[in-house]
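The values are calculated or read from the model by the stated rules, or taken from the named source; none is laboratory data. All figures in this text were calculated on a predicted structure; none of them were measured in a lab. Cβ: placed from backbone, ideal geometry, glycine included. Neighbour counts: every protein chain shown.
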Amino acid sequence: MDDTQQTTPQNLESAFAGECQANHKYLAFADKAEKEGHRQVARMFRAAAESEAVHARNHLRAMGGVGSTKENLEAAVSGESYEFTKMYPEFILEAKAENNSQAETSFFNASEVEKIHHGLFQKALKVVEAGEKLADEGYFICLGCGNTMARDAPSRCSICGAFRAKFKRV
């Protein structure tokens, strides 16, 4: 068998991960440039971030990583479950052992939010499996920790304590 065929799936996964990381890194760089008064640099970073997102979606499609809505919800439920039951608990313990409180808080907050995402995806999966549609409602994301709420933002985030003003409507 040709070595290219054996490594292409791994190359696609690596490229997908790298493009996703670049997308988010460039968005963070854009925010910083904007705060420092460099509007055109911020715009350039955002343009590059969008380009990286296009690359990531193309790689994901080439990997066969996008299925039906039902399949995508099943994958999301599984991924979120892994994150809050295995991955983040291990990361939290390691950060604690290394006295890295910033990483520990970041991992803890993410883990708590992954539980919420898991529940949202499970609910959506049941609705899709029943042949129905989810109710049309907004989602609110806490810009402090990522907490995700359907319908309305709370007065304070239940995970990080941020005020309602820190929630973004999606």
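Just a few scattered comments:
- Where Ala165 falls short, out of the listed (1) over 25 Å from Gly18 (Cα atoms); (2) surrounded by 14 or more Cβ atoms within 10 Å (Cβ to Cβ): (2)
For (1) outside the structural domain of Ser106 (by TED's automatic domain parsing); (2) assigned to a loop (DSSP other than H, G, I, E, B), each residue gets a yes or a no:
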position	(1), (2)
Val127	no, no
Ile141	yes, no
Gly144	yes, yes
Asp152	yes, yes
Ile159	yes, yes
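- Among the residues of the stretch 35-57, not one is in contact with a Cys (Cβ under 8 Å, 6 or more places away or on another chain) and more than 30 Å from Asn11 (Cα to Cα).
- Counted residues, the stretch 96-119 - those being surrounded by fewer than 18 Cβ atoms within 10 Å (Cβ to Cβ) and part of a helix (DSSP H, G or I): 10
- In the stretch 49-94, the qualifying residues are those that are small (Gly, Ala, Ser) and touching a residue at least 24 places away in the same chain (Cβ under 8 Å), and the one that is farthest from Tyr26 (Cα to Cα) is Ser81.
- Across the stretch 51-78, the number of residues qualifying as more than 27 Å from Ile116 (Cα to Cα) and in a helix (DSSP H, G or I) comes to 7.
- When residues of the stretch 129-139 are limited to those that are over 22 Å from the mean Cα position of the chain (by Cα) and part of a loop (DSSP other than H, G, I, E, B), the one surrounded by the fewest Cβ atoms within 10 Å (Cβ to Cβ): Gly131
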